[in-house]
Amino acid sequence: MSMFQLLKAELWHRKLNITLSLLALVAAATLFVGSPTLLDGYRCESEQHLLAMQTATESALVAMQAETDSQLAQMEEKTKTDLAQLDKQTKRIMRDLGFNLRIVHKNTDMTQLYADFVAFDMPYEYVSRLAESPEITKIVHLVATLKQMVQWEDKSRLLVGFALEATQTHIEQKAPMGFRIKPGTVYLGAVSGEGHEVGDMVTILGKEFEVARILPAHGTAEEDIAICMHLKDAQEVLNKPDRISEILALGCKCKTIERIEEITQQLELVLPEAKVMEHRVQAIARDDQRKLIVNYNAQTMADYQANRQQIMQKERESQLSIVEREIAHRGSVMQLLTGVTSVVTPLIILVCAIWVGMLAWANVRERRVEIGLLRALGKSTSSIAGLFIGKAMLLGIVGGATGCALGYVLARWMATSMLDVDVANFTPSLLASGCALLGTPVVAAMASYLPTLSAVNQDPAVVLMDG
């Protein structure tokens, strides 16, 4: 009988032994291929997943920063617009407070001015000189007035003549201040207007006027007892042609606290015959209101920016915390898989090899008589050894090939169903498959070596005698 026929008979008549040996070899090859395949696939998936998370985190933070920058830019633009609008409104409000500068002749007695509204008269040419002088940049809204206490309806009243605001061509034109009283009409203060109505005709110092307006109460004698009229009318009834008492004006915003000194310096260059006084409370209120608006908008911008930076920092910490937790989780899984690959798999392969060896030893013991008979019939030692080693290597080839395929399939199934890993990250390892295909027959042959050595060293005579 040839060696091939003996091997075929061996495989046919030793089904249980063959099956158990083959299962052990398949299990060893499956673990040898499946464990590193699963580990490599999970490692690849983890790297891609973590990279995607980090990229998404950076993208989210960049988008948030871009959104913040865009909103800040919009806020800055809106703030500029609002600030300009508020500044205009503030100027109007402050303007409605009235003039804050009084320019009078330097010979004016201030006691008489404050007590009886008596000022040293000036020619109207003074207001024209100020308006036309480019050196005057800190004084605007120049309005010439003529004031004098008179008796009207048996009571003391302050007659005030107002000219239209003088035009300063070298300064940006703004809405005019002061009364725009038509000739032949008068505005009566709250006290002066008692008993009169708009449309009434009144006679003042021998000239008839129409009451065009009753002014609301201001709480000051200078305004509540006033009789306001056009400057030309006032000059006519007071018999003071081309004369004025004082020039009302508005002081511009100056860079220093000493506003009046700066204004005085300019005034002395153009009109040394005059001096200036300031209603300081109104001037300070005007500057404080403008500063308040600027500071409020700057603080609003700073608060928003600080708040957005705080939100971004919290979002960055939250995203990094998520990434760190994911890294820790995947690291623990990787550690587990690495332990299985480096420790458990070699142990199981060793157990499978021992199991194959024990099955081969049991096979030799069961076939002692058959081996002795084959020796008696002239079969050589090499033939007997080839029978057992050949069977082991054949089982190793089949087990290795089956284990390679099963290991890859099992790794894919575990990864996709248990670890939620993309199938695309799993590719058969040529190195692991080659080692399994070549190593499994070698492991089977080595496991069968000692039993085979025992079989060929048996004395046929003794075996047949015992049998």
With the requirement that a residue be among the β-branched types (Val, Ile, Thr) and at pLDDT 75 or above, what does the range 56-96 give you? Thr57, Val62, Thr68, Thr81
Would you mind telling me which numbered condition in (1) outside any helix (DSSP H, G or I); (2) closer than 23 Å to Asp224 by Cα; (3) at pLDDT below 90; (4) not small (Gly, Ala, Ser) Thr137 fails? (2)
Which residue pairs have Cβ atoms closer than 9 Å, lie 6 or more positions apart in sequence or on different chains, and pair a first residue in the range 357-371 that is not assigned by TED's automatic domain parsing to the domain that holds Lys391 and at pLDDT below 70 with a second residue that is surrounded by 14 or more Cβ atoms within 10 Å (Cβ to Cβ) and of a type outside the set (Lys, Arg)? none
Only one residue in Glu135, Glu222 is closer than 29 Å to Gln266 by Cβ and in contact with a strand residue (DSSP E or B) (Cβ under 9 Å, 6 or more places away or on another chain). Which one? Glu222
Determine if the range 207-219 includes at least one residue that is on the phi > 0 side of the Ramachandran plot, assigned to a loop (DSSP other than H, G, I, E, B) and free of Cβ contacts under 8 Å to residues at least 60 places away in the same chain. yes
Test result for Leu142, in a strand (DSSP E or B), in contact with a helix residue (DSSP H, G or I) (Cβ under 7 Å, 6 or more places away or on another chain) and over 17 Å from Leu101 (Cβ atoms): no
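The values are calculated or read from the model by the stated rules, or taken from the named source; none is laboratory data. Since we're looking at a predicted model, the values are computed, not measured. Methodologically, a virtual Cβ is constructed for each residue, glycine included, from the backbone with ideal geometry; neighbour enumeration extends over all protein chains shown.
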